[in-house]
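Report on one structure; see the data block that follows.
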Amino acid sequence: MLSAKIRYSGTCFPALLAIAILSMLCYSPANSQDYKFEKNDRSIDIYHDGELVTTYHYRSGSKPILWPLIGPDGMKFSRDYPMVPDSKNEEHDHPHHRSIWMTFGEINKHDLWAEGKGMGVICQIGEPEIKSSMEQLSLITKHEWKGGLKDVSSVSTNQTDGCSESSPSLATCDATFLIHGTKEERVMDFLYSVTANQDLHFGDTKEGMFAIRVPEAMRADKAGGHILSSEGRKDADTWGHPARWVDYSGRVEKNLDKTYGIAILVHPKSFQANGRWHVRTYGLFAHNPFGIKDFPKLEIPNQPAAGGYHLPKGQSLQFAYRVILHRGAWTIEEADERFSQFAQTKVR
């Protein structure tokens with residue numbers, strides 16, 4: 001498990017974490033590493049013991065993503081569409097739902113969640129820094145969040161349109177992805193520091209923010225999947241409520257009679273960790289730190305204010321999530337144990 005101390009300090013949060021982690025890894029000789037990577041043209045394959053775990057795509061549609069997500073027993077833990085346009089046994093809906101991603105639906109009235117004409121875009125800046133060891137791999141990168149994308153005519157992972165100087169620059173995002181765990185239980189930490197390049201208003205919308213589209217066979221509406229939150233809510237009743245974690249479980253393949261699960265844990269120091277869950281029985285699985293008006297009307301202590309959030313130019317917000325790909329459907333006790341381990345990671 002991650003043991004380095006995480007410190008928030010403006011945009012330095014991922015960098016400081018990376019420095020701490022990389023100092024732990026320097027003892028490992030390159031020829032004995034269990035976690036390895038291979039750079040391609042605008043993507044990076046990540047391996048554990050010679051088997052693919054995931055691929056970081058600099059751009060898929062309008063944003064960077066990780067796809068596929070390979071967990072225990074070599075199973076895929078996210079939908080293939082639209083990365084595979086003619087994928088079989090899947091609904092071809094919501095083409096902006098791309099495996100695992102981080103965007104938001106209203107920033108200064110720009111929509112970075114949906115895709116298409118007039119929508120925003122997230123651009124890769126430079127090349128990621130990657131370090132691997134026997135225990136984990138860290139990928140440190142930088143993105144620019146831009147508005148005003150005029151046209152998306154392709155869903156290619158190598159798209160570059162929309163990243164011109166004419167598109168308004170909204171924010172810079174320093175991102176660190178940590179891949180660890182084992183073949184029995186894959187763990188991925190996602191750490192973001194979003195810095196405003198102009199005064200920003202994050203709107204009050206349900207469309208966001210840190211998200212996964214689960215495998216089609218795991219859907220909780222017609223495929224027999226199930227959703228469980230830390231507050232004991234189940235399936236459709238989890239939507240729009242706060243929770244420390246949510247676990248989405250079911251089959252990962254239509255004809256496979258075996259249960260697997262995907263858990264998203266929100267670190268208590270992540271910005272507005274008590275935000276609502278935009279988790280749907282049709283397979284969308286997202287945590288939203290900003291939306292209020294679209295969700296059920298609740299009286300929640302210290303809940304984010306309705307109407308969105310204002311971030312002045314030059315200031316930053318930090319977000320920290322852990323994703324665990326596991327066998328079976330977790331109980332509340334099992335998930336609480338994993339959450340306690342993540343929460344004990346010092347973040348300040």
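The values are calculated or read from the model by the stated rules, or taken from the named source; none is laboratory data. These numbers were taken from a predicted model, which means no experiment stands behind them. Positions of Cβ are generated from backbone atoms using ideal geometry, with glycine treated the same way; all protein chains shown enter the neighbour counts.
Taking into account only those residues within region 185-217 that are part of a strand (DSSP E or B) and basic (Lys, Arg), which is surrounded by the fewest Cβ atoms within 10 Å (Cβ to Cβ)?
Among those that are part of a strand (DSSP E or B) and basic (Lys, Arg), it is 186.
Just checking, which of 234, 293 is farther than 24 Å from residue 89 by Cβ and without any contact (Cβ under 8 Å) to a residue 40 or more places away in the chain?
Going through 234, 293 in turn, the sole match is 234.
Sort out which residues of region 242-296 are of a type in the set (Val, Ile, Thr), part of a loop (DSSP other than H, G, I, E, B) and buried (at least 23 other Cβ atoms within 10 Å of the Cβ), and write them in order of number.
252
One line per residue, one yes/no per condition, for (1) closer than 23 Å to residue 319 by Cα; (2) in contact (Cβ under 8 Å) with a residue 24 or more places away in the chain; (3) in contact with a helix residue (DSSP H, G or I) (Cβ under 7 Å, 6 or more places away or on another chain); (4) surrounded by fewer than 21 Cβ atoms within 10 Å (Cβ to Cβ):
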| site | (1), (2), (3), (4) |
| --- | --- |
| 47 | no, no, no, yes |
| 100 | yes, yes, no, no |
| 116 | no, yes, no, yes |
| 130 | yes, yes, no, yes |
| 139 | yes, yes, no, no |
| 142 | yes, yes, no, yes |
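Is it fair to say residue 95 is closer than 28 Å to residue 216 by Cβ, modelled with pLDDT of 95 or more and in a loop (DSSP other than H, G, I, E, B)?
Yes.
If you check residue 68 against the conditions, is it assigned to a strand (DSSP E or B), surrounded by 24 or more Cβ atoms within 10 Å (Cβ to Cβ) and either modelled with pLDDT of 95 or more or among the charged types (D, E, K, R) (or both)?
When the stated conditions are applied, residue 68 does not pass them.
Can you tell me which residue within region 302-334, out of those that are hydrophobic (A, V, I, L, M, F, W, C) and over 21 Å from the mean Cα position of the chain (by Cα), is nearest to residue 218 (Cα to Cα)?
Taking the candidates together, the pick is 332.
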